[in-house]
Each structure stands twice: as structure tokens, then as C-alpha cells.
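The values are calculated or read from the model by the stated rules, or taken from the named source; none is laboratory data. Quick caveat: nothing in here was measured; it's all calculated off a predicted structure. A quick note on method: Cβ atoms are made from the backbone with ideal geometry, for glycine too, and the neighbour counts reach across all protein chains shown.
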Amino acid sequence: MRIRLFVRAVVAAVAVPALVVALVTPGRPAAMPEIKIGTVLPLTGAFGSSGGYFKQGYTMAIDDVNKTGGLQVGGQKYHLNLIVLDDGSDGTRSRSLVEKLVTDQHVNFLLGGYDTSLVEAQEVVPDQYKIPYVEGGGAASEIFKRGYRYIFGTLATVYDLSKATMDFIAAQQAAGRLPKPLTIAAVWENTDHGKDYIDAVTDAAKAHPDLYRVVLNQSFQLNGSDFSPLLQQVKASNAQAFLSDAHLPDFITMHRQYLQAGLYNQFVSYGARGPDQKGRQALGAGADYLIAGLWWTPALKDPASQLFTERWQKEFKVIPDWFQALSYETARALLAGIDKAGTLDGPKVRDALAVLALRSMLPGGVIKFQPNGQASTPYLMVQNTPGNTVRIVWPRNLPETRAATLPMPRP
Amino acid sequence: MFSAQNLISVCITSILTAGLYAVMSYGLAIIYGVMKVINLSNAGFLMLGAFMTLVYSQAWHLDPIAGAFLNMPLFFLAGAAVYVLLVRRVRQALPIASLLMLFGLWLVLQNVALTIWGSEDQSIITRYTYKALPFFDYRVALTRLIVFAVALAVMAILHVLLNHTYVGKALRATVQDPQAALLAGIDTERISAIAFGIGTAFAGFAGGLMTLLFSFTPDFGAPFQLKSFTIIVLGGLENLAGVTIGAAILAFAESFAVLFMRASLQNVVAYALLVVALIVMPGGVASLFGRRS
């Protein structure tokens, strides 16, 4: 009798709270099966800001689907469950956490981390377990040269970013805004991201010696603390243009020290950095007139981009950067692949992603993956303008494109 | 690259950087000198110094230089409290105990900052943040000049305090021989608490000054920790004059190395100097000259 009472008490203690939780959990009927989507992001550490944006973007895309009653796969509606882990911006931890998501959490699909170095650390896992992995945080072409079949990336390569920058410079030279040939001091982070960037710069300089002359080619350590010795060499090079490939924390530190040292170049670009809200906040007017190559910008006037910008501002009270747009579109791409495959089977979803053509707010309007898994959307060149505004200055064929202010005004 | 103008410019940068390096390493040297404890939490207090300066700036529009000075008494008290509550209890144990405890404290400070301020880059922009002053044919960042001048002034004050006050003399006596200091009637426990307080005050002060030059996150401080270790090893661990020389050596080595090698190898310079110092001159540069202050 006592034993029976004890068993009843235990059952009540376990079952009642579980029942209450099941009843009060919003938006998900108790019988609805779920699809687990895992992601490992740098929510702390050097890339904490960007990782946070990715989490917000992924969550928004997943919530959009859950609000409509879940994802329809093979005649069955599924609730989407996003599991997010923090790697602290550490590559070794990042890789093992992705593996943990697969082996402990049994996730069905994976969304990628941020940045190139962390995506490179993670990318060995998906092929091992045949789990499709879509990322929007790693743009180095090296990620897609390793022969992995389950990795898909929505960012066009950094090589293309750098090439777009060089093409833009050539157009400005043709318009008489920059000298010909332009002497360039190029510094790049010592990662595959940076190598992609400098490769395109040196390739362009070799192909067009009449347009570009690289007078300084230096690498620096990712997440550096003090760039003043390097900037001293930029100064000594007397270059007319300063090109740097840097991630957000390094961009903020480097450009702050650039301005403090009283440097001036007619053309300054930090790759994809410059219009980031965090950067503009940290640098104030010092970030005005910087040129950047981007995958997306809130300055785009197409309805999808405008709608996304408005939604984001309403929900998070900040202007979205490309990080948020790309993470949102990356999650959408994965969900579209699952929808197209009509199954949760990893290899079949992988095949569906390989032939996916998803209408998107990204430039070009469509996300399609090349045979190596990387998307090839066109780049936009933008210029920061005073008052925390940005204008699109390239390509010419967009209605919102305006002429760039070059040479950059002296501070 | 090797023009006279560039070399002079590199020298100016190095001298200004050396001032910053010295001020961020003094605290570490004082604490090691008095109690032979390597304060791994120094980087945490450096970071906290930067964030506190941000708080003053946001709440009262206080200039970072004033903020750095305001940090000094607050961090002194915090350091003394850390000594009394934590360090004193493990001081007599194996060095690994204090190392691990202070490393743990660093992690706690990092996580506290992460909880309060998040992981985003923070920065303080003043009216003079982007100003550069003409100096003959060169332009020198005003903020670097300010940091250098303030660091020099504080070092001079510290020198006076160490040489002309009872506490300073007692502190130096404890550095030289704790047993003899005790026999001479010096309350070495109190002096140790003061030393930990001064060391922590220097970390908070340096963190405040560094907001003039760098943006910062809760991870701020970690890259400077290695530099501080290199500097105090070069300086002879407990020798304050040696710390100044060590700071100058590291600053010059880092700046000139960029002329010969990739800037991405900048940290290698600090590691190499650390190894060379430990093997070739474990007593630091001061021992090469046969004198210790």
C-alpha cells in the first residue's frame, strides 16, 4: 500500500508539471512533431556582437514559420525548434559543440556560425553525419574548396567582394574621381578571409598595372589589440588608397587608431565593414565616407528589403545590417530546402538545397548555390554618409545608386 | 620603409606605446614584488577599469582621464578586499593555488562584465579622440600623447611615494626581504594588502586610460596580459625601474619588427622576448647592469 502511494506520488510529481508545461507552452499543439535545427554561434567573445545578430535573424525566420502553424513536410506539419549554443568565438569549442548538437541533441539540420574561421572549424561535422548545414557567416572561398557536400553558404566569396571593390575603383578613376594609377596600401587579416581579399587586389594590380599599384601588402593578426605599428607603415607608404580586410572588432580598433594617427587616404575601405551600426556607434563621425562592399544593405529600396528593414526596426529598435538580413535569408534557404525535399532525410534535403532557387531580398533577387555549395549573389558598394546614413554607390544599374563622394573629404 | 623619417616616426610611436605598457604593468610588478604572487586577475581589473570609465562617461559625462583617476581609489579598495578575502588565504600554499584562484577571479570578472554590458564593442569618443598634433614634420595622436604624459606623471608620483613615505619604504623593504621587514616591525600583512590595492588601482587606472585608445569588450585585457608578463620578466619581475625599461624594449621591438616581418606575427615578438628573457637574463635587464632599485 505504501509502495503504491509512493509510486502515485512520484507519477504525480513528474506528470503534473509536465502536463502543465505542455498546456501552457504557446504556439505548439501537444501532438505536433518537431524539427530540431541546431546552430553554434559566437554569442560571447570577439564575435559576440555579430553572433547575436545571427541568433536574432535565425530566430525571426523560424518564428515566422511557427506562427503560421509550422513547416509542412510530406503532408505533416512540424514545429521548428531552434537550439542555439555559444562557442565563445573559439574554433575548437565551436566544432565540438556542433558535434554535440548532432550526437546529444539529435538535431535534424544545422545553421552555420559566424565568421569564416569558426565556419571552417564547424564544417567537418555535417558531412560526417550527413546533415545539411546552411551558413551565412563565412565567405572565404576556402570553405567551399574542401569538397564537403553538405555545406551551403549564402555569402558570395570575399574574393568577389575585393574584385567588386577594384572594379568600383576603376569606375571612379574613369569618372576622374580617383587618380590613375592608384597607389594602394593593402592590409589583411591573416585568415582565409583575408587571403581571399588580398588575392583579388594583387590579381587586379597584375592585370591592370595602369590602374592599380600595390605599395604595401601586409597581414595582421585577427582580433589584434594594437595596430599602430602597422598603421605607421601605411603612413610611410604614402599610398593614395587604404584597403583593409578586417572583421568588426578589428575594424573598430584599426580605424580608430587610423584616425588618431592623423592618417588620410583618398579612398578607404575595410572590406565589408563600415556601415555596421556597431561600428558607426563606436567611431561616430570618424566612420563617415568609408566605402564598403556588402551582401545587403537597408538602403536597398526593393519592397522585400524595405519590409524587412521596417520589421526589424519595429521589433529590435535598431537599423538592421547585412548580418541580420543574411542570417534571416540563410534560415529561409534551409527551410525552403526542407520544404522542397518534402522529407527530413538529410541526403534528400541536401539534394534539394543543391538545386534550390529561392526568391530573396539579396541583390540579384535569387539565392542559388553553385556546385561547390556557395551562393554567388552580386555585391553592392556603399558609402557611409553623415548622420548615420548610407548610400549605394555601385552597381550603376540600381535606381537608388548615387555618385560616391571621392576623394574622401579630409576629416 | 627605411627612410629616416619613417624610422623617427616609428621611434615616436614606440616611446608613446612604452608609456602605456609601463603603466599597465606596474601593478603586476608591485604585487609580485611584495608577495610573489602572479596576479592573473590583472587583465580582469584592466577590463573593469575600462567599463567603469564608460559608466562615468555615460552617467556624468566624465572625461576618460578623470575616470581613470577616479578608478584609482575604487580599485585600490577592491584590490585590498581581494587580498584580505581571497589571496591571503592561499598565499602560503603552493603558487599554483593563487594562480588558479586569480585566474578564476579573472573569469568571474569577465562574466560579470558580460552580464552587465554584453559582448558588444564599447568605446568612448571625446572631442579630442581623433585629434593629431603636429610635431616637427610628424603628426602625433593627441590621445597617445595624453596617455603617455599621464602615465609619466603617475609613475613619478609612485616613485615619490615609494621613496619618501613610510608606506613606500615599508613596501620596498618587504619586496627586498619580507623576513627582515617583519623583524624591523613592519606589518607585512597590511603592506601586502596595500600592495595588492596599489597593483589593482594601477590596473583600473590603465584600463581607464586605454579607453582613449581602444574600443573594448569583456575580453579586453587578455591580449595585454601577455605583454605585461613579458615586460615584468624583462624588467626583473619586481623591479619598477626595470619595468619601464622592459616596456620600452617591448614597444620598440614590436614597432620595428613590422619593418622586417608580417604584422600578423606581432605577438610572436612578445613571446620570443619572453623566452629569451627567461633563458638569457632571468633577473631581467636590470640584472645586466648589476643594479636593482
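Could you tell me whether A:Ile338 is at pLDDT 95 or above and more than 14 Å from chain B (Cβ to nearest Cβ)? Spelling it out, A:Ile338 is indeed at pLDDT 95 or above and more than 14 Å from chain B (Cβ to nearest Cβ).
Scanning region B:64-87 for residues that are surrounded by fewer than 20 Cβ atoms within 10 Å (Cβ to Cβ), touching a residue at least 12 places away in the same chain (Cβ under 8 Å) and over 18 Å from the mean Cα position of the chain (by Cα) turns up at least one hit.
Restricting the first member to region A:338-361 and to residues that are in a helix (DSSP H, G or I), and the second to residues that are acidic (Asp, Glu), the beta-carbon pairs closer than 8 Å and six or more apart or on different chains are A:Ala341/A:Asp351.
The residues in region A:139-174 that are assigned to a loop (DSSP other than H, G, I, E, B) and touching a residue at least 40 places away in the same chain (Cβ under 8 Å) can be counted, and the count is 10. Residues in region B:12-32 that are aromatic (Phe, Trp, Tyr) and either more than 14 Å from every other protein chain (Cβ to nearest Cβ) or not in a helix (DSSP H, G or I) (or both): B:Tyr26, B:Tyr32.
Screening A:Ile184, A:Ile169, A:Ile198, A:Ile143 for residues that are more than 30 Å from B:Gly221 (Cβ to Cβ), within 14 Å of chain B (Cβ to nearest Cβ) and buried (at least 20 other Cβ atoms within 10 Å of the Cβ) leaves exactly one candidate, A:Ile198. Residues of region B:242-284 that are under 18 Å from the mean Cα position of the chain (by Cα), away from every other protein chain (no Cβ under 14 Å) and either farther than 30 Å from A:Ala185 by Cα or modelled with pLDDT under 80 (or both): B:Gly242, B:Val243, B:Thr244, B:Ile245, B:Gly246, B:Leu274, B:Gly284. Out of curiosity, is B:Ala59 modelled with pLDDT under 90, more than 18 Å from the chain's Cα centre (by Cα), within 29 Å of A:Phe47 (Cα to Cα) and small (Gly, Ala, Ser)? Against the criterion (modelled with pLDDT under 90, more than 18 Å from the chain's Cα centre (by Cα), within 29 Å of A:Phe47 (Cα to Cα) and small (Gly, Ala, Ser)), B:Ala59 does not qualify.
Looking at B:Arg89, B:Arg139, can you tell me which residue is part of a helix (DSSP H, G or I) and out of contact with any Phe, Trp or Tyr (no Cβ under 9 Å at 6 or more places or on another chain)?
Within the list B:Arg89, B:Arg139, the selection yields B:Arg89.
A residue that is within 14 Å of another protein chain (Cβ to nearest Cβ) and in a helix (DSSP H, G or I) cannot be found anywhere in region B:171-191.
Taking region A:258-279 as the range and being more than 7 Å from every other protein chain (Cβ to nearest Cβ), within 27 Å of B:Leu16 (Cα to Cα) and assigned to a helix (DSSP H, G or I) as the test, the residues that pass are A:Tyr258, A:Gly279.
Please tell me if A:Gln232 is facing chain B (nearest Cβ under 7 Å), over 15 Å from A:Ile184 (Cβ atoms), under 23 Å from the mean Cα position of the chain (by Cα) and not aromatic (Phe, Trp, Tyr). Don't jump to the end; show me each part of the working.
Values: facing chain B (nearest Cβ under 7 Å): yes; over 15 Å from A:Ile184 (Cβ atoms): yes; under 23 Å from the mean Cα position of the chain (by Cα): no; not aromatic (Phe, Trp, Tyr): yes.
No.
Would you confirm, using the coordinates I've provided, whether B:Met52 is within 14 Å of chain A (Cβ to nearest Cβ) and either touching a helix residue (DSSP H, G or I) at 6+ places or on another chain (Cβ under 7 Å) or modelled with pLDDT under 95 (or both)? So B:Met52 fails the test. Tallying residues that are within 9 Å of chain A (Cβ to nearest Cβ) and under 20 Å from the mean Cα position of the chain (by Cα) within region B:124-157 yields 2. In region B:92-99, the count of residues that are polar (S, T, N, Q), closer than 29 Å to A:Tyr53 by Cα and either buried (at least 19 other Cβ atoms within 10 Å of the Cβ) or away from chain A (no Cβ under 13 Å) (or both) is zero. Filtered by the rule that a residue be touching a helix residue (DSSP H, G or I) at 6+ places or on another chain (Cβ under 6 Å), assigned to a strand (DSSP E or B) and more than 15 Å from A:Leu334 (Cβ to Cβ), region A:80-99 gives a lone residue, A:Leu85.
Under the condition of being of a type in the set (D, E, K, R) and assigned to a helix (DSSP H, G or I), which residue from region A:281-337 is surrounded by the most Cβ atoms within 10 Å (Cβ to Cβ)? Ranking the qualifying residues of region A:281-337, first place goes to A:Glu329.
One residue alone among A:Gly69, A:Gly136, A:Gly74 is buried (at least 24 other Cβ atoms within 10 Å of the Cβ) and either over 28 Å from A:Trp296 (Cβ atoms) or at pLDDT 95 or above (or both), and that residue is A:Gly136.
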